[in-house]
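Chemist: Take a look at this one; I'll ask things after.
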Amino acid sequence: MSIKNRINNVYRYFEPNLIIIGYLGCIGFPLYFFVWHYLFPQPYENFILRLFCGTLFIPFVLKDHLPNWFLRYKAIHFIATITIGLPFFFSYMLIMNDWSIPWIMSFMAALFLSILLIYDAYIITAISIVGISLGALFSYGFHPINSDNFHWGYIAVISFSYITGIASHYRNHIHYEDQLLFARSFSAGIAHEMRNPFSSLYSSMELMLDILHQKNDDKENNINELKTIIRSNMTVINNSNETINLLLSSINEHAISKNTFQEYSIVNIVKSSIDSFGYQSSKDRNLVSVNFNKDTNYFGSDILFRYVIFNLMKNAFYYKEKNNFSIDINIEVNKKNNIIKVRDTGIGIPKNNINAIFDDFYTHGKKNSSGLGLPFCKKVITAFGGEITCQSKLGEWTEFTILLPKINSKSVNKLKYELMSKKHLLYIGDNNSDVFELQKNSFSHGYNFKTASPFKLIDIPLDQVDMIVVNLDSYGEHNYYLSKLQDKLALSTTKVLYLYREAKALHLILNPKVNYKLVNVHQIKNDITNGICKFFFIHFNNQSNTPQQQTTEEKSILLVDDNTSLRMYTGILLQRSGFHVIHAENGVNALEHLEQNNVDLIMMDLEMPLMGGLEATKQIRSNKKYGLHQKTPIICFSASLDEKQQQELSKIGMNGFIFKPATKEQIFDNIDRFIN
């Protein structure tokens, strides 16, 4: 960092307190002349020098009313004022007063005050040397003094206090900068995680307005489309809330919330984490491999476990430039544990640092790191009932080992039993023996149990229920009532368990937009209540509510974005306006589509896994393979870009910019501008 930048940073750091220091300086310097001259007389005083020093502090008081020409030099004036007013003045007066005790104490106070004002060790050392040297020169050089009071021990004490003060204040400032860096990264994380959901919701609202304004006789189809959008929006909102809770828990001293824990496949989560990781280039993906002997489930959160994998991969990729770098993830299942090992061939970790890497705010060898990633990973794995450890060989490799308990272990069963007391179950069906068993079971397991008639409207907010059990046998041939119920269930993200005993229930039409599982009671007849309760902790994932893409003979647009909801809604808006839309979830997919399709416009997000918009644009503009599209307009579809970033993106070949969330008018104005 240059001297000019250091001085400017020091000034900005203390600027909020300048007025107070200004008043103390411009009043204190002349005032203490009377203190040391009349109240406690000292051998030497200089009112003119005090008046000069006090005058230097006046601009601090008037900092909001200074002329523009002076503002260009305000940081330099600050350093000059501190240099003259503290180390120079007090060292000069100390020597001129023959090293008297009051002035030794005053000099020490001045040093500590200058250290408090200026945190930068280089700047404070420089101004102290300059100020004290000038003070000694003006006193000894122009007024030779034969001091009887000077003792070299004073220099030793002053030097020790000075060095200790600088070191302590600098360390406190570094701690403050670390916390500030974490606050910035945390707020940036919140902003990043919220931009995509908000953009998705905004696009869906535009689509809903478009559907409502369209004159169409097919009202039932429009209603179904609106229901699909509303249900998808509720999923987006729920996922966003969970993401916020997870981010907040990273700075919360309390334990991670376990209320949403379910059973997930270890292999599926690890693979999806690797596929969705934000690689800097497509080549980076080839550096990661996954090996497993068999798959099994763990009990926890899918989002939290992805965070752990992301963090371990991000730390490893910091050293990807090392020769023969690779990341190997091995999944092993034995009789006692589920074992996940993440090994990289980076630079390794010194033995002295291994035990500290899971401590809050601890960092080693990385710039701009908050030191909170690995501690949060440990908090996550501990919440799952497991443990995470690290081994390393300096210069060769680092390996993190995650041990997760078996899904049927005592610790997991105990955790499930504890969580049952917070669950809510709604049973819809006839008042039969199942109701009695579930009611009795709710007392022993602690969950909240409610019933509802199969032929009446449900007035219970469904999203406040953890699972809904629907007895299909209760409906018999009454498909009309079941259809009405499913219309309401399709608007909720709550899990639905359809139970049946009689084969004729299989002929009932089930809405695929309901998040359900179909279970034959005879499969769990030995223990129906516990058999049903286990579904509280099983992940349902059979939703298929993505609208089908339509094709037209009109202009083609390639829509590239990893946010599925945002891409879906924007795509539908474009399709309804007559465009043929091709979807791609990252830069790699986009390039594959361009080899097979001719498009008239590309709308491209910047940050995407495998390959971002920046590299994809470079490929399109420079690679002969995409020669047909080297002149095709590319619009950057991003959440935020400053003017400098826009200029850089324009240089590589992007033609325009749309900022998320964008109105329908903004989207179509840009498209019309480039296509027509």
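One line per residue, one yes/no per condition, for (1) over 29 Å from ASN233 (Cβ atoms); (2) open to solvent by less than 40 Å² (accessible area, probe 1.4 Å); (3) free of Cβ contacts under 8 Å to residues at least 24 places away in the same chain; (4) of a type outside the set (S, T, N, Q):
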| position | (1), (2), (3), (4) |
| --- | --- |
| ASP561 | no, yes, no, yes |
| ARG567 | no, yes, yes, yes |
| THR570 | no, yes, no, no |
| ILE582 | no, yes, no, yes |
| LEU591 | yes, yes, no, yes |
| LYS618 | yes, no, no, yes |
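Chemist: Return the only residue of SER411, SER483 being small (Gly, Ala, Ser), surrounded by fewer than 20 Cβ atoms within 10 Å (Cβ to Cβ), more than 39 Å from the chain's Cα centre (by Cα) and not in a loop (DSSP other than H, G, I, E, B). So that I can check it myself, show each step before the final result.
Modeler: Values: SER411 fails: more than 39 Å from the chain's Cα centre (by Cα).
Selected residue: SER483, the only one of SER411, SER483 that is small (Gly, Ala, Ser), surrounded by fewer than 20 Cβ atoms within 10 Å (Cβ to Cβ), more than 39 Å from the chain's Cα centre (by Cα) and not in a loop (DSSP other than H, G, I, E, B).
Chemist: Please specify each residue of segment 127-143 satisfying the condition of being free of Cβ contacts under 8 Å to residues at least 24 places away in the same chain and touching a Ser or Thr at 6+ places or on another chain (Cβ under 9 Å).
Modeler: Selection gives SER133 alone.
Chemist: Next question, about the same structure. Would you confirm, using the coordinates I've provided, whether ASP328 is touching a residue at least 12 places away in the same chain (Cβ under 8 Å), closer than 17 Å to PHE277 by Cα and touching a helix residue (DSSP H, G or I) at 6+ places or on another chain (Cβ under 6 Å)? Give the derivation first.
Modeler: Details: touching a residue at least 12 places away in the same chain (Cβ under 8 Å): yes; closer than 17 Å to PHE277 by Cα: yes; touching a helix residue (DSSP H, G or I) at 6+ places or on another chain (Cβ under 6 Å): no.
Answer is no for this residue.
Chemist: In segment 259-300, which residues are of a type in the set (S, T, N, Q) and assigned to a strand (DSSP E or B)? It would help to see each step written out before you state the result.
Modeler: Kept after step one, since they are of a type in the set (S, T, N, Q), are these residues of segment 259-300: 259-260, 262, 265, 268, 272-273, 276, 280-282, 286, 289, 291, 293, 296-297.
If the condition is that a residue be of a type in the set (S, T, N, Q) and assigned to a strand (DSSP E or B), then GLN262, SER265, SER289, ASN291, ASN297 are the ones that fit.
Chemist: Right, here's the next one. Taking into account only those residues within segment 594-604 that are within 25 Å of ASN286 (Cβ to Cβ) and at pLDDT 90 or above, which is surrounded by the fewest Cβ atoms within 10 Å (Cβ to Cβ)? Give the steps one after another, and end with the answer.
Modeler: Of the residues in segment 594-604, the ones within 25 Å of ASN286 (Cβ to Cβ) are 594-596, 604.
Add one more test, that the residue is at pLDDT 90 or above, and what stays is 594, 604.
Details: LEU594: 23, MET604: 25.
Only one residue fits best here, namely LEU594.
Chemist: Out of HIS65, HIS77, report the one residue that is within 42 Å of the chain's Cα centre (by Cα) and surrounded by 14 or more Cβ atoms within 10 Å (Cβ to Cβ). Working first, answer last.
Modeler: Numbers: HIS65 fails: surrounded by 14 or more Cβ atoms within 10 Å (Cβ to Cβ).
HIS77 is the lone residue from the list that is within 42 Å of the chain's Cα centre (by Cα) and surrounded by 14 or more Cβ atoms within 10 Å (Cβ to Cβ).
Chemist: Would you confirm whether any residue within segment 120-141 is hydroxyl-bearing (Ser, Thr, Tyr), open to solvent by less than 20 Å² (accessible area, probe 1.4 Å) and touching a Phe, Trp or Tyr at 6+ places or on another chain (Cβ under 6 Å)?
Modeler: Of segment 120-141, the ones hydroxyl-bearing (Ser, Thr, Tyr) are 122, 125, 128, 133, 139-140.
Then keep just the ones that are open to solvent by less than 20 Å² (accessible area, probe 1.4 Å); that gives 128, 139.
Keeping just the survivors that are touching a Phe, Trp or Tyr at 6+ places or on another chain (Cβ under 6 Å) gives 139.
Yes; the residues of segment 120-141 include at least one that is hydroxyl-bearing (Ser, Thr, Tyr), open to solvent by less than 20 Å² (accessible area, probe 1.4 Å) and touching a Phe, Trp or Tyr at 6+ places or on another chain (Cβ under 6 Å).
Chemist: Quick one: which residue in ASN146, ASN233, ASN172, ASN196 is modelled with pLDDT under 65, among the polar types (S, T, N, Q) and in contact with a Leu (Cβ under 8 Å, 6 or more places away or on another chain)? First the steps, then the outcome.
Modeler: Details: ASN146 fails: in contact with a Leu (Cβ under 8 Å, 6 or more places away or on another chain); ASN233 fails: modelled with pLDDT under 65; ASN172 fails: in contact with a Leu (Cβ under 8 Å, 6 or more places away or on another chain).
It is ASN196.
Chemist: From the set of residues in segment 31-49 that are open to solvent by 100 Å² or more (accessible area, probe 1.4 Å) and hydroxyl-bearing (Ser, Thr, Tyr), which is farthest from PHE138 (Cα to Cα)?
Modeler: Result: TYR38.
Chemist: Would you kindly identify the helices (runs of 4 or more DSSP H) lying entirely within segment 556-638 that contain at least 3 residues that are farther than 30 Å from LEU209 by Cα? Lay out the reasoning, then the answer.
Modeler: Working: elements: 564-576, 587-596, 613-622.
By residue number, 587-596, 613-622.
Chemist: Looking at (1) closer than 24 Å to ALA121 by Cα; (2) surrounded by fewer than 17 Cβ atoms within 10 Å (Cβ to Cβ); (3) in contact with a helix residue (DSSP H, G or I) (Cβ under 7 Å, 6 or more places away or on another chain), find the lone condition where ARG12 falls short.
Modeler: The failed condition is (3).
Chemist: In addition: Give segment 312-326 a look and list any residue that's assigned to a helix (DSSP H, G or I) and crowded, with 16+ Cβ neighbours inside 10 Å, or say none. Walk me through how you get there before you give the answer.
Modeler: Residues of segment 312-326 that are assigned to a helix (DSSP H, G or I), as a first pass: 312-317.
LEU312, MET313, ASN315, ALA316, PHE317 - these are the residues of segment 312-326 that are assigned to a helix (DSSP H, G or I) and crowded, with 16+ Cβ neighbours inside 10 Å.
Chemist: Can you tell which of ALA639, ALA662 is under 21 Å from GLN575 (Cα atoms) and surrounded by 16 or more Cβ atoms within 10 Å (Cβ to Cβ)? It would help to see each step written out before you state the result.
Modeler: Values: ALA639 fails: under 21 Å from GLN575 (Cα atoms).
One residue alone meets the criteria, ALA662.
Chemist: Residue check: is THR493 more than 30 Å from PHE358 (Cα to Cα) and open to solvent by less than 50 Å² (accessible area, probe 1.4 Å)?
Modeler: Working: more than 30 Å from PHE358 (Cα to Cα): yes; open to solvent by less than 50 Å² (accessible area, probe 1.4 Å): yes.
Yes; evaluated as a whole, the condition is true for this residue.
Chemist: I'd like to check which helices (runs of 4 or more DSSP H) are fully inside segment 21-98 and have at least 2 residues that are in contact (Cβ under 8 Å) with a residue 12 or more places away in the chain and polar (S, T, N, Q). Don't jump to the end; show me each part of the working.
Modeler: Values: elements: 47-56, 58-61, 68-71, 74-83, 89-96.
Filter on segment 21-98 gives 74-83.
Chemist: Okay, moving on. From the list ASP430, ASP434, ASP463, ASP459, which one is under 24 Å from SER483 (Cβ atoms), open to solvent by 20 Å² or more (accessible area, probe 1.4 Å) and in a helix (DSSP H, G or I)? Even if it seems obvious, please write down each step before you answer.
Modeler: Working: ASP430 fails: in a helix (DSSP H, G or I); ASP434 fails: open to solvent by 20 Å² or more (accessible area, probe 1.4 Å); ASP459 fails: in a helix (DSSP H, G or I).
So the residue among ASP430, ASP434, ASP463, ASP459 that is under 24 Å from SER483 (Cβ atoms), open to solvent by 20 Å² or more (accessible area, probe 1.4 Å) and in a helix (DSSP H, G or I) is ASP463.
Chemist: Residues being within 25 Å of ASN623 (Cα to Cα) and of a type in the set (D, E, K, R): count how many of those fall in segment 566-590.
Modeler: Adding up the residues that qualify gives 1.
The values are calculated or read from the model by the stated rules, or taken from the named source; none is laboratory data. All values derive from a computational prediction rather than experimental measurement. Using ideal geometry, Cβ is built from the backbone for each residue, glycine included, and neighbour counts are taken over all protein chains shown. Heavy atoms of the whole protein, side chains included, go into the accessibility calculation; ligands, DNA and RNA do not. Shrake-Rupley method; radii C 1.70, N 1.55, O 1.52, S 1.80 Å.
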